[in-house]
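Novice: The structure that follows is given in the form of structure tokens.
The values are calculated or read from the model by the stated rules, or taken from the named source; none is laboratory data. Keep in mind the model is a prediction, meaning the values are calculated, not measured. Quick reminder, even Gly has a Cβ in these numbers, built from the backbone with ideal geometry, and neighbours come from all protein chains shown. Just so you know, the surface numbers come from the protein's heavy atoms only, side chains and all, with ligands and any DNA or RNA stripped out. Shrake-Rupley method; radii C 1.70, N 1.55, O 1.52, S 1.80 Å.
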Amino acid sequence: AASSSPVDTSLCTFKSGACIKTVANVEIQLSLNPWHAPSEEPLTLIVNTSKPVADLKVKLQGRDMFMGIIPVNLDQSSETDYNANIIYGSCSSGYMVWSAIVSFKVDGIEKFTTFDFLADNPG
């Protein structure tokens, strides 16, 4: 039996832990709970940075399909730890990749990185 869709290695796999990107010598770890990122259910998005940064923000948008921009209201629990409760709608195609765009400032210069993940990931 052929698998229904090829594994996209560019996508975050929260089942195995946080997704990690490094920008401007700052390691950004992003994870979701529950890891399979179900649509239309409350999720917790967690961001950790390897050192304090300024003005960290996250927004969610569809990678391949425009579903609006989902605002992410982060709570900062320490200099390097953030979390937010998010919820997004389901997509009719059944294969919905979301991009979490993380921006922050280092020495007053804005930096960006993107974490792509599959909603309703069967794992």
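Novice: What pairs can you find where one residue is in the range 74-89 and closer than 13 Å to A100 by Cα and modelled with pLDDT under 95, the other is open to solvent by less than 30 Å² (accessible area, probe 1.4 Å) and among the hydroxyl-bearing types (S, T, Y), and their Cβ atoms are less than 7 Å apart, with a gap of 6+ or different chains?
Specialist: Once the first residue is closer than 13 Å to A100 by Cα and modelled with pLDDT under 95 and sits in the range 74-89, its partners that are open to solvent by less than 30 Å² (accessible area, probe 1.4 Å) and among the hydroxyl-bearing types (S, T, Y) give Y88/S39.
Novice: Return the only residue of D55, D116 being out of contact with any helix residue (DSSP H, G or I) (no Cβ under 7 Å at 6 or more places or on another chain) and within 19 Å of T13 (Cα to Cα).
Specialist: On inspection, the qualifying residue turns out to be D116.
Novice: Here's a follow-up. Would you be able to say whether some residue in the range 32-39 is in contact (Cβ under 8 Å) with a residue 12 or more places away in the chain and over 13 Å from N121 (Cα atoms)?
Specialist: The answer is no, given that none of the residues of the range 32-39 is in contact (Cβ under 8 Å) with a residue 12 or more places away in the chain and over 13 Å from N121 (Cα atoms).
Novice: Quick test of your reading of the structure: F66 fulfils all but one of (1) of a type in the set (F, W, Y); (2) over 27 Å from D107 (Cβ atoms); (3) in contact with a Leu (Cβ under 8 Å, 6 or more places away or on another chain). Name the failing condition by number.
Specialist: Evaluating F66 over (1) of a type in the set (F, W, Y); (2) over 27 Å from D107 (Cβ atoms); (3) in contact with a Leu (Cβ under 8 Å, 6 or more places away or on another chain) leaves (3) as the failure.
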